[in-house]
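Student: Let me begin by handing over the structure; questions about it come next.
The values are calculated or read from the model by the stated rules, or taken from the named source; none is laboratory data. Everything numeric here is computed off the predicted structure, so don't read it as measured data. Positions of Cβ are generated from backbone atoms using ideal geometry, with glycine treated the same way; all protein chains shown enter the neighbour counts. When the accessible area is computed, the model is the full protein with side chains, heavy atoms only, and any ligands, DNA or RNA have been set aside. Shrake-Rupley method; radii C 1.70, N 1.55, O 1.52, S 1.80 Å.
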Amino acid sequence: MSQPLKIDDGRRPLELVPGQRAAAPQTREVAICVDQVSKRFGSKRGDVQAVSDASLTIGRGEFVSIVGPSGCGKSTLLNMIAGLMPVSDGRIDVFGKPVTGPVHELGVVFQQHLLLPWRTILSNVLLQIEVRKLDRAEYLPRARQLLQRVGLGDFIDRFPDELSGGMNQRAAIVRGLVHDPDVLLMDEPFGALDAMTRDQMCLDFHQLSREQGKTVLFITHSISEAVFLSNRVVVMSPRPGRIEEIVPIELDGERHVDMRDEAEFTRYTRHIRRTFERMGVLKEERRR
Ligand code: ADP
Ligand code: MG
């Protein structure tokens, strides 16, 4: 029998000492602190509770994924962290500062690439610099270098409709990184891509985010993608989204495509699948 996985209870951010809910972690600087956050949307047909009492602390340089069924409140949580919508209850801090409006230290990448069709790839990337009123000349070399790094070096003067979905999504990732934010928030960024492109993007993005030393919060509904990319996987319940558990992923060394078939890897994916089965999100398979 292999060792049981070490699982956090999900109520308490992993690094915190019991009883110190929102205190600084023992080991590293806190990038994002979500403390007992809830979100209700009001509507004529009654309130919708989208997120319920979520607490999560993410340290600088960590890669954390959130997995959960459609409609469980993942995007709502991400949008609240980005300061794009207010919390109903609780508190969110980014690098120790309470989030009260759009947080400029963040980069955000969405499922749709949202590139402007009338601007070239390079000028779409530089839009990020323009809206932040940063010095274009200073960031131009970084924009070119990052586009080169993701394989778009020969396409910087092309328009989005001349490129494939995967290429546009790479450009959107560069746009999220070009202003050198400490934290990148990604909402199902590979969701619109075919399976093969998605696997490759996953691998490339893992390397890129490590090289750039970024803190990443990554939303996905793919258990395997979450395990592959992350230091920790946050499992959310169906709506109203609660954090059901947080699974530290202790896989050594470089990621490679074949590792998804290895026993160490499938232990994690199986564990998370069982958690979803227990919550009634996935139907239990008949097991021998
Ligand atoms: P996910 O990203 O996990 O698929 P969302 O965060 O988009 O889920 O949505 C969570 C729940 O909140 C859903 O039931 C959705 O219909 C509802 N919701 C999201 N945004 C709004 C809004 N602006 N107004 C009302 N309800 C919303
Ligand atoms: Mg969503």
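Student: Against the definition (in a loop (DSSP other than H, G, I, E, B) and either touching a helix residue (DSSP H, G or I) at 6+ places or on another chain (Cβ under 9 Å) or modelled with pLDDT of 95 or more (or both)), how does L251 come out, yes or no?
Tutor: So L251 fits the description; yes.
Student: May I pose another question? For residues that are more than 13 Å from ligand 2 (Cβ to nearest atom), touching a Ser or Thr at 6+ places or on another chain (Cβ under 8 Å) and hydrophobic (A, V, I, L, M, F, W, C), tally how many sit in the stretch 46-61.
Tutor: Going through the stretch 46-61 one residue at a time, the tally reaches 2.
Student: Do we find that S123 is of a type in the set (S, T, N, Q), within 12 Å of ligand 1 (Cβ to nearest atom) and out of contact with any Ser or Thr (no Cβ under 9 Å at 6 or more places or on another chain) in this structure?
Tutor: Here the answer is no, as S123 does not meet what is asked.
Student: Name the single residue that is nearest to ligand 2 (Cβ to nearest atom) among those in the stretch 183-202 being surrounded by fewer than 16 Cβ atoms within 10 Å (Cβ to Cβ) and part of a helix (DSSP H, G or I).
Tutor: A195
Student: Going through P86, P102 one at a time, which residue ends up being open to solvent by 30 Å² or more (accessible area, probe 1.4 Å) and either closer than 26 Å to A143 by Cβ or assigned to a helix (DSSP H, G or I) (or both)?
Tutor: After applying the criteria, what remains is P102.
Student: Related question: Out of curiosity, is V174 farther than 14 Å from F63 by Cβ, surrounded by 22 or more Cβ atoms within 10 Å (Cβ to Cβ), over 16 Å from the mean Cα position of the chain (by Cα) and away from ligand 2 (no atom under 16 Å from the Cβ)?
Tutor: When the stated conditions are applied, V174 does not pass them.
Student: Further question on the same structure: Would you point out which residue out of S43, S70 is of a type in the set (G, A, S), open to solvent by 50 Å² or more (accessible area, probe 1.4 Å) and within 16 Å of ligand 2 (Cβ to nearest atom)?
Tutor: S70
Student: Quick one: is I272 within 20 Å of the chain's Cα centre (by Cα) and either assigned to a helix (DSSP H, G or I) or among the hydroxyl-bearing types (S, T, Y) (or both)?
Tutor: Taking the combined requirement at face value, the residue satisfies it.
Student: Sort out which residues of the stretch 203-235 are open to solvent by less than 10 Å² (accessible area, probe 1.4 Å), of a type in the set (S, T, N, Q) and touching a Phe, Trp or Tyr at 6+ places or on another chain (Cβ under 7 Å), and write them in order of number.
Tutor: S209, S230
Student: Still on this structure: Being more than 24 Å from D204 (Cβ to Cβ) and either open to solvent by less than 10 Å² (accessible area, probe 1.4 Å) or modelled with pLDDT of 95 or more (or both) narrows it down to one residue among I156, I81, I121; which is it?
Tutor: I81
Student: From V64, V87, grab the single residue that is farther than 20 Å from F218 by Cβ, more than 13 Å from ligand 2 (Cβ to nearest atom), at pLDDT 95 or above and out of contact with any Gly (no Cβ under 9 Å at 6 or more places or on another chain).
Tutor: Answer to the selection: V87.
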